[in-house]
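Before any comments, here is the structure.
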Amino acid sequence: KAGVTQTPRYLIKTRGQQVTLSCSPISGHRSVSWYQQTPGQGLQFLFEYFSETQRNKGNFPGRFSGRQFSNSRSEMNVSTLELGDSALYLCASSLGTMTDTQYFGPGTRLTVL
Amino acid sequence: EDQVTQSPEALRLQEGESSSLNCSYTVSGLRGLFWYRQDPGKGPEFLFTLYSAGEEKEKERLKATLTKKESFLHITAPKPEDSATYLCAVLGVKNTDKLIFGTGTRLQVFP
């Protein structure tokens with residue numbers, strides 16, 4: 001089975017721009033979660049989508065948004081980029097039941113200049 | 001609030017020198033505790049899931065154990081390729097599909 005894929009792998013943007021990241025889950029997985037990883041804060045939960053609905057949300061500003069399509073693929077959007085948004089953005093997929101293991105993709109490295 | 005603390009922050013071992021990594025957690029109703037390994041610049045790689053106190057799981061040189069307050073990742077006779085950051089995360093009943101991660105233990109194994 002193919003693993004979780006994320007595109008692009010690297011992005012460089014300037015402050016004020018917006019960016020869209022994409023995640024394709026493992027086949028059959030219906031839940032997609034997004035995390036931000038920085039050296040100072042570690043891995044922090046952004047949001048989770050299940051069957052095209054946002055099921056859970058972390059403590060991030062509204063500039064961070066996402067969506068999920070009928071094929072379970074998910075996109076994450078960050079508007080009005082700030083320097084502090086530079087991070088590794090990780091997507092994880094699971095079957096979506098209460099105790100399922102989440103499998104992570106390789107991440108998208110976003111650098112904001 | 002659910003919380004995870006990992007110790008030590010960093011660990012240097014000689015090849016073959018066994019040791020343990022600790023993950024202490026506070027969670028209102030544990031649904032699962034997860035161990036991941038992360039190499040620099042890559043996404044976390046799943047290692048183990050533990051669901052209840054007393055449970056143990058093994059994979060090659062790694063063994064994970066769980067009590068009601070903490071989990072240990074025991075590394076037996078480590079090799080240089082075991083060098084990585086090991087992350088612990090918990091899933092509680094109040095946080096549907098929201099993994100709470102510790103800050104990790106950075107392990108370096110020298111030949």
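Bear in mind these aren't lab numbers, they're just calculated from the coordinates by the rules spelled out. Computed from a prediction, not measured in an experiment: that's the story for all the values here. Reconstructed Cβ throughout: ideal geometry from the backbone, glycine too, with neighbour counts over all protein chains shown.
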**Asked** Out of A:SER79, A:CYS91, A:PRO8, whose Cα points farthest toward the positive end of the dipole of chain A (charges: +1 Lys, Arg; -1 Asp, Glu; placed on Cβ)?
**Response** A:PRO8
**Request:** Evaluate the distance, in nm, between pseudo-label points positioned 7 Å from the Cα of A:LYS57 and of A:ARG109 along their respective Cα→Cβ axes.
**Result:** 3.2 nm
**Prompt:** With chain B treated as a Gaussian network of Cα nodes joined by springs under 10 Å, which of B:TYR25, B:TYR36, B:TYR51 yields the largest mean-square fluctuation?
**Reply:** B:TYR51
**Request:** Let me know the shape class of the protein assembly as shown, please: from the alpha-carbon gyration tensor, a ≥ b ≥ c as square roots of the eigenvalues, rounded when a/c is under 1.5, otherwise prolate if a/b is greater than b/c, or oblate.
**Result:** prolate
**Fill in**
Shielding of B:41-50 by other chains, given as the mean Cβ count within 10 Å, works out to 5
**Complete:** For chain A, averaging the sequence separation of alpha carbon pairs under 8 Å that lie six or more residues apart and dividing by its residue count, the contact order in percent is 36 percent
**Complete:** Site B:THR26, offset 7 angstrom along Cα→Cβ, radius 20 Å on amide nitrogen, limited to segment A:35-60, gives A:41-45, A:59
**Asked** Between A:SER22 and B:ARG61, what is the label-to-label distance in nm when each label sits 7 Å out along the Cα-to-Cβ direction?
**Response** 3.9 nm
**Message:** Suppose each label sits 7 Å from its Cα in the direction of the beta carbon; what would the B:ALA10-A:THR38 distance come out to in nanometres?
**Reply:** 2.1 nm
**Message:** If the only charges are +1 at each Lys and Arg Cβ and -1 at each Asp and Glu Cβ, what is the size of the charge dipole of segment B:44-108 around the Cα centre, to the nearest 20 debye?
**Reply:** 220 debye
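Compute, for the protein assembly as shown, the length of the dipole vector about the Cα centre, with Cβ point charges of +1 (Lys, Arg) and -1 (Asp, Glu) only. Units Debye, rounded to 20.
Dipole of the protein assembly as shown, to the nearest 20 debye: 480 debye.
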**Complete:** Percent relative contact order for chain B, counting Cα pairs under 8 Å at least six residues apart, stands at 37 percent
**Asked** In sequence order, what are the phi-derived ³J(HN,Hα) couplings for segment B:69-86 according to the Karplus relation 6.51 cos²θ - 1.76 cosθ + 1.60 with θ = phi - 60°, rounded to whole Hz, with x for glycine and proline?
**Response** 10, 7, 10, 10, 10, 8, 10, 9, 6, x, 10, x, 6, 7, 5, 4, 9, 9
**Fill in**
Assertion target for A:LEU110, A:LEU95, ordered by fewest C-beta neighbours within 10 angstrom first, is A:LEU95, A:LEU110
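Assigning unit charges at the beta carbon (Lys, Arg +1; Asp, Glu -1) and nothing else, what dipole magnitude in debye, to the nearest 20, does chain A show about its Cα centre?
The calculated dipole for chain A is roughly 160 debye.
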**Item:** segment B:1-71: C-alpha gyration tensor shape, a/c 1.5 cut-off, then a/b vs b/c
**Value:** prolate
**Asked** For segment B:49-55, in order, what is each residue's ³J(HN,Hα) by Karplus, 6.51 cos²θ - 1.76 cosθ + 1.60 with θ = phi - 60°, in whole Hz (x at glycine and Pro)?
**Response** 10, 10, 10, 9, 4, x, 6
**Per-residue ³J(HN,Hα) for segment A:2-14, Karplus 6.51 cos²θ - 1.76 cosθ + 1.60, θ = phi - 60°, Hz, x for Gly and Pro** = 6, x, 6, 10, 10, 9, x, 7, 9, 9, 10, 10, 10
**Asked** Label point 7 Å out from B:LYS79 along Cα-to-Cβ: which residues of segment B:4-26 have amide N under 13 Å?
**Response** B:15-16
**Asked** Which Cα, out of B:VAL93, B:LEU107, B:SER24, lies furthest along the positive dipole direction of chain B (beta carbon charges, K/R +1, D/E -1)?
**Response** B:VAL93
**Prompt:** Given a cut-off of under 8 Å on Cα pairs at least six residues apart, what relative contact order in percent is computed for segment B:1-40?
**Reply:** 50 percent
**Complete:** For chain A, shape from the Cα gyration tensor axes a ≥ b ≥ c, cut at a/c of 1.5 then a/b versus b/c, turns out prolate
